[in-house]
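The values are calculated or read from the model by the stated rules, or taken from the named source; none is laboratory data. Note that the coordinates shown come from a computational prediction; the quantities given were computed from them, not determined experimentally. Quick reminder, even Gly has a Cβ in these numbers, built from the backbone with ideal geometry, and neighbours come from all protein chains shown. We work out accessible area using only protein heavy atoms, side chains counted, and drop any ligands, DNA or RNA first. Shrake-Rupley method; radii C 1.70, N 1.55, O 1.52, S 1.80 Å.
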Amino acid sequence: MRNNITFGYNRADDIPASEVLKDGYGQCNTKSILLMALLRGSGIPCRIHGFYIDKKMQKGALTGIAYLFAPRKIVHAWTEVRFNGEWQALEGVIIDDAYLHQVTPSLCSVNGGYIGYGIAVPDRNEINLCWQGASTYVQSFSITDDMGYYDNPDDFFARHNNMTGFIKSRMFNRLRHKINARLQRIRAGER
């Protein structure tokens, strides 16, 4: 999931899992939808945990007008899975290894952690995205507000969504292809 569906921006936060698969990329919200569908298809209990994150974490992944018009607080979600009687966060699926390798040296030191390029972690030298029975995190260092747990992603995104307003949604969809092409260049080691 983490490396086969690379980090990128889909047309909206609340698209079906099948569209995320077709796109071949996703961000926190859309990868959570896909991961939940895969887990539920396998009979594994899961839920979505919603937050707001500070937009500064997106600087580098989003640039120029896309960053300028991004909301100050961005809707963010991760999937949690029930394992050994406890809920485990699977936030590590958001960023693919090739992209992480290229951007880690460029993360900015902020408030005792490192942020940028869609990553927000306490220590850029100790990022563990591989789930081995314990929670994984890659953007949690920039959380500003906890919006709670939801059994269904549709319920969460009906209440919380980054794409509010026709003009903002239309503008983002015109820019996202350029953003995703930039992420591909970063992934390939071109800046």
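How many lysine pairs are close in the chain, with Cα atoms under 25 Å apart and the two 8 or more places apart or on different chains?
So the count works out to 21.
Keeping all protein chains in place, calculate the accessible area per residue for the chain (probe 1.4 angstrom), answer in Å².
Dividing the accessible area of the chain by its residue count gives 49 Å².
Rounded to the nearest 0.05, what FRET efficiency do Leu38 and Gln184 have when you use their Cβ-Cβ distance and R0 = 25 Å?
Values: r = 24 Å, r/R0 = 0.97.
Approximately 0.55, to the nearest 0.05.
Percent of accessible area on the chain owned by carbon and sulfur, 1.4 Å probe? Mind showing how you got there, number by number?
Working: 4810 of 9430 Å².
Roughly 51 percent of what the probe reaches on the chain is carbon or sulfur.
State to the nearest 20 debye the size of the charge dipole of the chain about its Cα centre, where the only charges are +1 on K and R beta carbons and -1 on D and E beta carbons.
On the way: 23 positive and 18 negative charges, 191 e Å.
Charge dipole, the chain, about its Cα centre: 920 debye, nearest 20.
If you build a Gaussian network model of the chain, linking Cα atoms that sit under 10 Å apart, which residue out of Gln102, Gln139, Gln27 swings the most?
Highest fluctuation of the listed residues: Gln102.
Where the centre of each part is set by its Cα atoms, how far does the stretch 16-67 sit from the stretch 137-191, in angstrom?
For the stretch 16-67 versus the stretch 137-191, the Cα centre distance is 7 Å.
Which values of log₁₀ I(q)/I(0), to two decimal places, follow from the Debye formula for the stretch 1-44 at q = 0.15, 0.21, 0.31 Å⁻¹ with a uniform point scatterer at every Cα?
For the stretch 1-44 at q = 0.15, 0.21, 0.31 Å⁻¹, log10 I(q)/I(0) is -0.29, -0.57, -1.13.
Leaving ligands, DNA and RNA out of it, work out the accessible area of Met1 with a 1.4 Å probe and give it in Å² to the nearest 10.
Approximately 60 Å² of Met1 is accessible to the 1.4 Å probe.
Scan around Asn10 for amide H atoms under 5 Å from its own, H built in the peptide plane at 1.01 Å from N, and keep only partners 5 or more places away or cross-chain.
Those qualifying (amide H under 5 Å, at least 5 residues apart or on another chain) are Gln27.
Hey, what's the Cα Rg ratio for the stretch 46-167 versus the globular rule of thumb, 2.2 N^0.38 Å?
Values: Rg = 14.7 Å, N = 122, 2.2 N^0.38 = 13.7 Å.
Dividing the Cα radius of gyration by 2.2 N^0.38 Å gives 1.08.
Hey, got the dipole for the stretch 113-191? About the Cα centre, +1 on K and R Cβ, -1 on D and E Cβ, debye to the nearest 20?
Working: 11 positive and 8 negative charges, 172 e Å.
Its charge dipole is roughly 820 debye.
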